[in-house]
1. Among the strands (runs of 3 or more DSSP E) lying completely within segment 387-440, list those that include at least 1 residues that are acidic (Asp, Glu) and more than 23 Å from Gly370 (Cβ to Cβ).
2. Which condition does Lys242 not pass, out of (1) in a loop (DSSP other than H, G, I, E, B); (2) of a type outside the set (Gly, Ala, Ser); (3) modelled with pLDDT of 95 or more; (4) open to solvent by 80 Å² or more (accessible area, probe 1.4 Å), if it passes all the others?
3. Among the residues of segment 893-940, how many are closer than 30 Å to Ala976 by Cβ, of a type in the set (Ser, Thr, Tyr) and not in a helix (DSSP H, G or I)?
4. Suppose we filter segment 483-502 for residues that are touching a residue at least 40 places away in the same chain (Cβ under 8 Å), of a type in the set (A, V, I, L, M) and not in a loop (DSSP other than H, G, I, E, B); how many remain?
5. Take the residues in segment 441-469 that are hydroxyl-bearing (Ser, Thr, Tyr) and outside any helix (DSSP H, G or I); name whichever of them is nearest to Ser388 (Cα to Cα).
6. Please indicate, with yes or no, whether at least one residue in segment 585-603 is assigned by the TED database to the domain that holds Val678, among the charged types (D, E, K, R), surrounded by 13 or more Cβ atoms within 10 Å (Cβ to Cβ) and assigned to a helix (DSSP H, G or I).
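The values are calculated or read from the model by the stated rules, or taken from the named source; none is laboratory data. As the structure is a computational prediction, the values presented were derived from the model and not from experiment. Cβ coordinates were reconstructed from backbone atoms using ideal geometry, including for glycine residues, and neighbour counts include every protein chain displayed. Note: accessible area is taken over every heavy atom of the protein model, side chains too, but ligands, DNA and RNA are not part of it. Shrake-Rupley method; radii C 1.70, N 1.55, O 1.52, S 1.80 Å.
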Amino acid sequence: MPIRQMKEGSEQHIVIKPQLQNTMNPLQKNPKTAQNGKGPPITEPQNNKIHNTTSSPPSRNRGRRRGRGGRKSDQGEAFMRPSSRPCTAASKPVIVAAENVLNVSVSSSSCQLVATGSGFPSSSKSLCFAPRPGYGQLGTKCIVKANHFLAELPDKDLNQYDVTVTPEVSSRSVNRAILAELVKLYKESDLGMRLPAYDGRKSLYTAGELPFKWKEFTIKLIDEDDVINGPKRQREYKVVIKFVARANVHHLSQFLAGKRADGPQEALQILDIVLRELSIKRYCPVGRSFFSPDIRKPQPLGDGLEAWCGFYQSIRPTQMGLSLNIDMASAAFIEALPVIEFVAQLLGKDVSSRPLSDSDRVKIKKALRGVKVEVTHRGNVRRKYRVSGLTSQPTRELVFPVDDNSTMKSVVEYFQEMYGFTIKYTHLPCLQVGNQKKANYLPMEACKIVEGQRYTKRLSEKQITALLKVTCQRPRDRENSILQTVQHNDYNEDPYAKEFGIKISEKQASVEARVLPAPWLKYHETGKEKDCLPQVGQWNMMNKKMINGMTVSRWACINFSRSVQESVARGFCNELAQMCEVSGMEFNPEPVIPIYMARPDQVEKALKHVYHACVNKLKGKELELLLVILPDNNGSLYGDIKRICETDLGLISQCCLTKHVFKISKQYLANVSLKINVKMGGRNTVLLDAISCRIPLVSDIPTIIFGADVTHPENGEDSSPSIAAVVASQDWPEVTKYAGLVCAQAHRQELIQDLYKTWHDPARGTVSGGMIRDLLVSFRKATGQKPQRIIFYRDGVSEGQFYQVLLFELDAIRKACASLEPNYQPPVTFIVVQKRHHTRLFANNHKDRSSTDRSGNILPGTVVDTKICHPTEFDFYLCSHAGIQGTSRPAHYHVLWDENNFTADGIQSLTNNLCYTYARCTRSVSVVPPAYYAHLAAFRARFYMEPEMAENGGSPHKGGKAIREGGESGVRPLPALKENVKRVMFYC
């Protein structure tokens, strides 16, 4: 395929200081590349002056070059030998290294930074992230509105007090009730008219000092949950309030003004707690969100659940000052039903007359464990209990001792004699409440679920779909809902906000944005359309051929769907083969063996039969592709197929659902052909700027782009491992094809443990490995080049983990590079990608069709790096995709470390352009593809975990529980991917 035109030449080594700022915008160097839709931009190579800039004396450069990967590195192992295949740019420099290398030692208790060069801090607290290098200028300027509301900074002292409650209380709501009673009794006297804000645990905050440094109070509180007949029971608590510290508001104002790089987290935390105080009293708090059935009518989700609407609220430091971020939210709650009705909905059948099966009991027990219920058989007394289990016997068989003489009485008799309550449904089990030593029995019909309990367990596909319908709001509707929430909350009349002197604007922020141009895409020369300029984030494959179409000569098909006849399956395979041909692949129309019909419960047997039958017929040659037809509802079948194919047989598979097999849509077939091509090692399209070597800080020298992500088990799974995945580009200068690796690690561990590792081998001594090292070696084999620059997109990291993740993972990258050749240290840019944030961008005028896509969302390519972004650090919001339904969520990119000295335009344009190279569809995507691929790979690897037997000896489930090896806790490793699988984009 005539894609790359390379010129022979030797490498030149230039050292650039890490803090050197770019003196020009490389993307504005050539005005002729502006996208006007009339034709592709010119493709002459461009000079990029920044790479010829050195400000260090030659003697200093020589010293650094030797220490950080200069010419001496060519003496190392084969990985480091120079290549004679640089890109055809007018200048071909290589940035060999940064000045300093981080060595990080991370213990179980802390993360410590140790500097091996000058200019680095001695601890993580003094580490500074990459500063903003300026603001972007590229693109068409426009105005967007953001769901950020300016908060006026208070001019009062913020004081923190420590709160100790005796006896200790674990419930935040009870703690709050105690402090509310204290404020009610002592506000006008001992508290000096102060109205404090409380975090529900150990800290109390005031605007101005309290009249004391230390004081003890005695508070009596009525315990509603322990009410029995007669007068209400009181509990007595001792509360000690002690002065701790004063928060520095001046420090915060300097930080917001960009005069200080370190944000005073304690002051921000206090203001956040103050603004949440009233909402906690009004609504049901869940994390940073608040829910209520009064905000919008709850919508049923099925199986006894309903969707509540609410809002998210967070105070944030931004360039415009302090900002209150408000967004709409939805969550699943357990419906406040009588337990009998909940059980009937959960099981989907009437339970008033039929006994329950064992599977019914297990389902009820899982759903109700931990749920709070209130009794309904005692008139006005509504005592509350938390469900701990379900009895194995029906109510009519349950007896218990009523005195010290072990006199037994049945549950039915007890309720009749004690409360005059006749139990009707004696065939049903009882709820168990309390602990195992002293468990109480409650008949289901005597209990009702307490309102306002969020459902934290896994939702079914049907429930997820129903919840998404509730959540999904068009941009205009979402914006109106947000504005109504702000007006309803009326922060300026909030007594706590008044007390602390916080004023919130009811007008959302108006922000200057830019719409970046879409990149030109290159397709194969033999197609009618050789290049393509996407329109509003979309294009299609009509008249185009894949830039690198692969050949599929040896394939087979297994049909696991009973409703698909062999003739239908054959017709579908023919249509798919034709579409692959039309799209630019070579696809043999005939399978190696006839389509094989199999039962879903014999998946491993069927896969191995087809595999061996094909290998025998092909006389030892490998099967290249396995097509699999699945029932629409296939349970664990899909995961089993992927696990067996990718870790056991070394097969690339493509699964298709029955509904698509019958429908045979051209669009569906085209998308499947795209997926098949990249799974076979091909490329569908590349950026035109990439092959003409005009991407700043990527085209000039061999550059590898990584994507990394960690996925964690669902809530409630307390033993399953987390899965880490890393992908890396395997082609240069195109950066379109990726290889991926996955590994299991400790439960809920965010730091990727296997980026770099060493172990002792009896024969070879200390051996180095890890995902970074393996992917660097893979890049060298695939391209003939050693990577001279690393760009690392890291997904899934929260702000509170930025320091720890950067220190640990940047050090792993450094060590992986040094393990290949001691002085090999290419410069690294480390970017965190966040999708789980609550900033939304809206068109300034919803009626202006030129500023929105068809869904009413802002245009793809819209980027914001001012006003609502960080006061000093290098971050931006990018909406790189066209909306389909609901309100688009821009991705938030935060550049934590940048030794490549990207301009704002450089990293924003690169990120936006990469979003058009996602292999699975002809649309730009919402997250940069390497991060997207890492997420897909990590999700795929969940299917690889070995099945484990359930705790009660029942059916197996996917677990991968932590195990003990050699006396230490560890994680059972995932089965290894086959070599032919890990080289391609198997996760697509």
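1. Once the strands (runs of 3 or more DSSP E) in segment 387-440 are filtered for at least 1 residues that are acidic (Asp, Glu) and more than 23 Å from Gly370 (Cβ to Cβ), nothing remains.
2. The failed condition is (1).
3. 2
4. Looking only at that region, the number is 2.
5. Looking at the filtered set, the residue picked out is Tyr441.
6. No - not one qualifying residue is present in segment 585-603.
For every residue, the table says whether it meets (1) modelled with pLDDT under 50; (2) exposed (fewer than 14 other Cβ atoms within 10 Å of the Cβ).
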| residue | (1), (2) |
| --- | --- |
| Phe943 | no, no |
| Glu948 | yes, no |
| Asn952 | yes, yes |
| Lys958 | yes, no |
| Ala962 | yes, no |
| Gly966 | yes, yes |
| Val971 | no, no |
| Leu977 | no, no |
| Tyr987 | no, no |
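Yes/no per residue for (1) β-branched (Val, Ile, Thr); (2) within 29 Å of the chain's Cα centre (by Cα); (3) open to solvent by 10 Å² or more (accessible area, probe 1.4 Å):
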residue: Thr758; (1), (2), (3): yes, yes, yes
residue: Pro762; (1), (2), (3): no, no, yes
residue: Leu776; (1), (2), (3): no, yes, no
residue: Phe779; (1), (2), (3): no, yes, no
residue: Ala782; (1), (2), (3): no, no, yes
residue: Pro787; (1), (2), (3): no, yes, no
residue: Phe792; (1), (2), (3): no, yes, no
